[in-house]
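The values are calculated or read from the model by the stated rules, or taken from the named source; none is laboratory data. Worth saying up front: this structure is predicted, and the values here are computed from it rather than measured. With ideal geometry, Cβ positions are generated from the backbone for all residues, glycine too; neighbour counts draw on all protein chains shown.
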Amino acid sequence: MLNSKGLNTYSKKEKNMYLIGMAGQNCIYSIISSVLAYYMQFTILIPAATVSIIMTIARVWDAFNDPMMGTIVDKTKTKWGKCRPYLLFVPIPVSIITMLCFTNFGFYTTDAGMFEGKNFLVVMWAACMYILWGMTYTAGDIPLWGITARITEDKEDRNKILSLARIFGGIGSAIPMLLAQTIALELGKFFANKYAMNPASAEKLGFFVSTTVLAVIGGVLFQMAGLGVEEKIPTQEESHTLKENFKLMWTNKPFRQILLSGIFSSPTALVMIAATPLVTYYYANKDGTLYLVYFALLGGGLFAGQFVAMALVPKILSKYTKKQAYNGSRIISVFPYLLIFALYLMAPQSLHKPVFIAVAFFGFVIAGASMGITNVLQSIMIADAVDYEEYHNGIRPDGVFFSGQTFIAKLTSGIASILSGIAYAIVGFSDANVEKVNEYIANGGIARENPEFSKYMALLFFLVSIPPAIGSLLAVIPTWNYCLDDDEHERILKELNERRHAAEK
């Protein structure tokens, strides 16, 4: 459809279907990103170092697999366009593989080495399913983001849908973060009491049931994007090899600056990695209902800050340049992260009390707002870099450049996994010691009050505060002198639209 400016853009129905699909896709992503590492390390007891290696190898491979998938997307030419075919056919296999990630051969035991007996099968299944999941998810993720640069010619419409996409993606992510762990722990207790199951086996079954339900819901919603959205910008005939696309990504200066900023921010990914074990062990003491309450209070602050900030990005951009908003939000986020660790140092056993929860909530609101602004701006700036490339070289690498967004997310997660694995190994919060804490809690103990476990609690607070603060500062180094100012992009986009419409006439 044409808007009031005479530019091709999406309809209201298309916008809604896309946003529903984005929520479903992020629901699936959150099941893996917020729950799987916990399940591997704290439920089936794979050693922390091994979990870190699995996560790192899978993420780093998946990150470098993204430009390959971006190249495939940009070479795709069908009656539906180049992004939509993947949105039609990928959601179902992604859902199925998500379920398989929470099946296994049993538990890792300290009685045998990693390559002995059942331990080898447990580790290999976990690694293979996670890697397979990542490759399949990528086949839907890149087209889902890439299509935003193909469903409208209007810069304002694009900025709006990218802001809304981050909001709906955040809502989709929040559902598993709140419910997957809660349902799994409560089902674990139910199975243990009702069927006299071993508590560990009951918890394992609880995770399978909860993640299966959420994966099915997420897959159905994800499918809506493929069914409801149509591409508006014609597919170019010209395509490039993978090697040429890697070169393209690096020689495009604004894209290179965004890419490096994302990589430098890797320690901030520890917030999401460590949040689940932090709430589970320190606040909830492995009680599902308490987990829901405390995660709603603390994570609720993070998500509330994100959603409000994401919705305000268009207004923020009416007063500040993208460079100012991006760098400013990164710097501001340093302070709430430092506040969280300061609170722990002040009262290491009392942060579950209302006054500290209130202060932490405020800190997470600010951190979430910063995260929301930078996430939306990253997507907008990548879309601008696509315009920049088309203007200067006549190439529109939607798939390749938006693969850079997922490349950043996965590489930062891989780097964060290395850091967390090293940290867990240093303090010994792994395999046998995890089992010891679990047994202590099962027998009625409160982990945060036991001096023997204080170093584990301190580590969890450290991971969600100090490294993220450092990562936020490092992230502004590449974008401090961001090269594509807003006026120049406005001029580029205006000329590109004139070229397209002249070609149509």
Residue hits (region 77-99; buried (at least 18 other Cβ atoms within 10 Å of the Cβ) and either in contact with a helix residue (DSSP H, G or I) (Cβ under 7 Å, 6 or more places away or on another chain) or closer than 30 Å to Ala49 by Cα (or both)) are Lys82, Cys83, Arg84, Tyr86, Leu87, Val90, Pro91, Val94, Ser95, Ile97, Thr98, Met99
Considering each of Thr276, Thr211 in turn, give the residue that is within 24 Å of the chain's Cα centre (by Cα), buried (at least 21 other Cβ atoms within 10 Å of the Cβ), more than 26 Å from Ile382 (Cα to Cα) and at pLDDT below 95. Thr276
Could you check, for region 341-361, whether at least one of its residues is part of a helix (DSSP H, G or I), under 14 Å from Leu297 (Cβ atoms) and in contact with a Pro (Cβ under 7 Å, 6 or more places away or on another chain)? no
Of the residues that make up region 109-116, is at least one farther than 24 Å from Thr412 by Cα and in contact with a Phe, Trp or Tyr (Cβ under 8 Å, 6 or more places away or on another chain)? yes
Looking at region 446-469, can you tell me whether even one residue there is in a loop (DSSP other than H, G, I, E, B), in contact (Cβ under 8 Å) with a residue 24 or more places away in the chain and more than 25 Å from the chain's Cα centre (by Cα)? yes
By residue number, the members of region 381-400 that are among the β-branched types (Val, Ile, Thr) and surrounded by fewer than 22 Cβ atoms within 10 Å (Cβ to Cβ) are Ile395
Against the definition (basic (Lys, Arg), without any contact (Cβ under 8 Å) to a residue 40 or more places away in the chain, within 25 Å of Ile53 (Cβ to Cβ) and assigned to a helix (DSSP H, G or I)), how does Lys494 come out, yes or no? no
Over region 217-235, the set of residues assigned to a helix (DSSP H, G or I) and either at pLDDT below 95 or touching a helix residue (DSSP H, G or I) at 6+ places or on another chain (Cβ under 6 Å) (or both) is Gly218, Gly219, Leu221, Phe222, Gln223, Met224, Ala225, Gly226, Leu227, Gly228
Region 175-200, residues that are touching a Cys at 6+ places or on another chain (Cβ under 9 Å) and either crowded, with 24+ Cβ neighbours inside 10 Å or of a type in the set (Gly, Ala, Ser) (or both): Pro176
Report yes if some residue within region 108-122 is buried (at least 18 other Cβ atoms within 10 Å of the Cβ) and assigned to a helix (DSSP H, G or I); otherwise report no. yes
Within region 23-77, the residues that are at pLDDT 85 or above and in a loop (DSSP other than H, G, I, E, B) are Ile44, Leu45, Ile46, Pro47
Within region 157-186, the count of residues that are within 17 Å of Asn375 (Cα to Cα) and more than 19 Å from the chain's Cα centre (by Cα) comes to 3
Hey, could you check region 358-373 for residues that are surrounded by fewer than 24 Cβ atoms within 10 Å (Cβ to Cβ) and of a type in the set (Val, Ile, Thr) and say which is farthest from Ile72 (Cα to Cα)? Val359
Of everything in region 411-457, what is over 14 Å from Thr50 (Cα atoms) and of a type in the set (D, E, K, R)? Give them in sequence order. Glu435, Lys436, Glu439, Arg448, Glu449, Glu452, Lys455
Filtered residues of region 379-392 (kept if touching a residue at least 40 places away in the same chain (Cβ under 8 Å) and not aromatic (Phe, Trp, Tyr)): Ser379, Ile380, Met381, Ile382, Ala383, Asp384, Ala385, Val386, Asp387, Glu389, Glu390
Out of region 262-288, which residues are farther than 27 Å from Ile331 by Cβ and not aliphatic (A, V, I, L, M)? Thr276, Pro277, Thr280, Tyr281, Tyr282, Tyr283, Asn285, Lys286, Asp287, Gly288
Of the residues in region 307-320, those that are β-branched (Val, Ile, Thr) and surrounded by 16 or more Cβ atoms within 10 Å (Cβ to Cβ) come to Val313, Ile316
Keeping to region 30-85, report how many residues are at positive phi and small (Gly, Ala, Ser). 1
Just to be sure, is Phe255 in contact with a Ser or Thr (Cβ under 8 Å, 6 or more places away or on another chain) and either buried (at least 22 other Cβ atoms within 10 Å of the Cβ) or aliphatic (A, V, I, L, M) (or both)? no
Lys494 fails exactly one of (1) buried (at least 16 other Cβ atoms within 10 Å of the Cβ); (2) under 30 Å from Gly81 (Cα atoms); (3) of a type in the set (Lys, Arg), namely (1)
